[in-house]
Amino acid sequence: MQIVIIALGSRGDVQPYVALGKGLQAAGHQVRIMSHDLFEPLITAHDLEFRIARGNVQAVVESPEMVALLEKGNFLAISAHTAQAAQKAALEWAEDGLAACQGADLLVAGIGGLFMGLSLAEKLNLPLLQAYYVPFTPTSAFAGALLPKPLPGALRWLNRFSHHATRQIMWQSSRKADNLARQQVLGLPKAPFFGPFDARQTRGLPILYGFSPSVIARPADWPDQAHVTGYWFLDAEEDWTPPPALVNFLNAGPPPVYVGFGSMTNRKPEETAALVTAALKQTNQRAVLLSGWGGLRAADLPETIFMLDAAPHAWLLPRMAAVVHHGGAGTTAAGLRAGVPSIIVPFFADQPFWGNRVAQLGVGLQPIPRQKLTAELLAAAIQTAVSDQLMRQRAAELGAKIQVEAGVAQAVAIIQQLETRVHHGR
């Protein structure tokens, strides 16, 4: 099959789909990934075909307006801002999507590319397979991924409703841009007011979830076509070697603490670095700090802290004593697989969900919202993460389970079963 994967967003949003695409290509399929030009090197490095979705996602995230919104953590305000950016890109993405999907047999999309993917699938009469790394199918088992905290016992009957609310928040913020593209580029009528969640292009097809069943067990009330496959990890290229200075730092003392906030940015990165270094000093811990997209910066760091631009999580995190991060789905997965305790400092979106899940599993601390982060709170969390032996044991046991899962292989096997159906008119 010729498979087109639509992967939009930050690196953490795109990387699982590169792993999935790599697995599909190894199984004999032709795979094309539509994404931002920022990720062309990542995609082509794994011998996958790249097609552009115009627009600079990094520039949007690093804009002063978005940085201010991220610091406040108001998801509705963030959604409204990104909706404005999406409206500007909608027509270009629809044009790019038409070009990317020529000759395709099957489209694959997750949350970031779902609505555009459904419109393209309708226009080109193609099936669309939903592939997520965040729970998106309504269930009574737990609340929607955009709620800042799990619902208390007396309100858990609202869990299923919260998933529908999550869907509507996402759809209504995207509806104007989606309809603009449908009418002006694709020649389609407007989508239903409450969203295309029961689109013909997805009916009867599997819904894949790229996370571990040991982290989120498959809810009993999910439909039969929903599968929890295990994480879709993209490990480092075989020829990757760590910088000698990093190796020397790791060998010079006990395992350090990892601190990195991914694509989340800060208006005052030096202050954030000062907060982190103060917490580390209080706990007498060494650390590796990831600079990310211009977040953490510090001109003069003590010799107990090593600043690093980037390194594969699969190589780096198992060498850490604990991991401090923003709670993105990909970084959370990597931290859990590493088998060390996690300290999650969520900014917005699904990050509090993953922070709460890590705490519920007993493999990390209760999340500390970025707006409430202080050196004292972070120091206390680090001290617990490095000294709580029961937590460390649970983290190691969960990591061992995740390490033997074959999420990509399971997802590929499910998609393989569609080949006959796709080639016989779906």
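Each reported figure results from applying straightforward, stated rules to the coordinates on display, with no laboratory input. Note that the structure is predicted; figures quoted are calculated from it, not measured. Here the Cβ is made from the backbone with ideal geometry for all residues, glycine too, and neighbour counts use every protein chain on show.
For the peptides 4-10, 32-38, the ranking by packing is 4-10, 32-38, with the highest mean count of neighbouring Cβ atoms within 10 Å listed first. Here Cα Rg over 2.2 N^0.38 Å was computed from the coordinates, and among (i) 0.96; (ii) 1.33; (iii) 1.08 the match is (i). Put a plus charge on the Cβ of each Lys and Arg, a minus charge on the Cβ of each Asp and Glu, and nothing anywhere else: the dipole of the range 244-403 about its Cα centre is then about 280 debye. In the range 244-403, a dipole from Cβ-located charges (positive for Lys and Arg, negative for Asp and Glu) runs towards its positive end, and of A287, Q403, A245 it is Q403 whose Cα lies farthest in that direction. When the Kirkwood radius is taken over all Cα pairs of the range 244-403, what Stokes-Einstein diffusion coefficient follows at 20 °C and 1.002 mPa s, in µm²/s? The estimated diffusion coefficient comes to 140 µm²/s. Long hydrophobic helices in the chain: the complete DSSP H runs spanning 20 Å or more by Cα along their own axis with mean Kyte-Doolittle hydropathy of at least 0.0 are 75-100, 269-283.
Basic side chains Lys and Arg get +1 at the Cβ, acidic Asp and Glu get -1 at the Cβ, and with that the dipole of the chain about its Cα centre reaches some 1220 debye. When the charge dipole of the chain is built from unit charges on Cβ atoms (+1 for Lys and Arg, -1 for Asp and Glu) and taken about the Cα centre, the candidate among G204, H313, M1 whose Cα reaches farthest toward its positive end is G204. Among the listed pairs K281/K372; K149/K372; K149/K281; K123/K176, a Cα-Cα separation exceeding 27 Å is found for K149/K281. A dipole drawn for the chain from +1 and -1 charges on Cβ atoms has a positive end, and of Q25, L365, P223 the residue lying farthest that way is P223. Close amide H pairs (under 5 Å, H built 1.01 Å from N) link M307 with L289, residues at least 5 positions away or on another chain.
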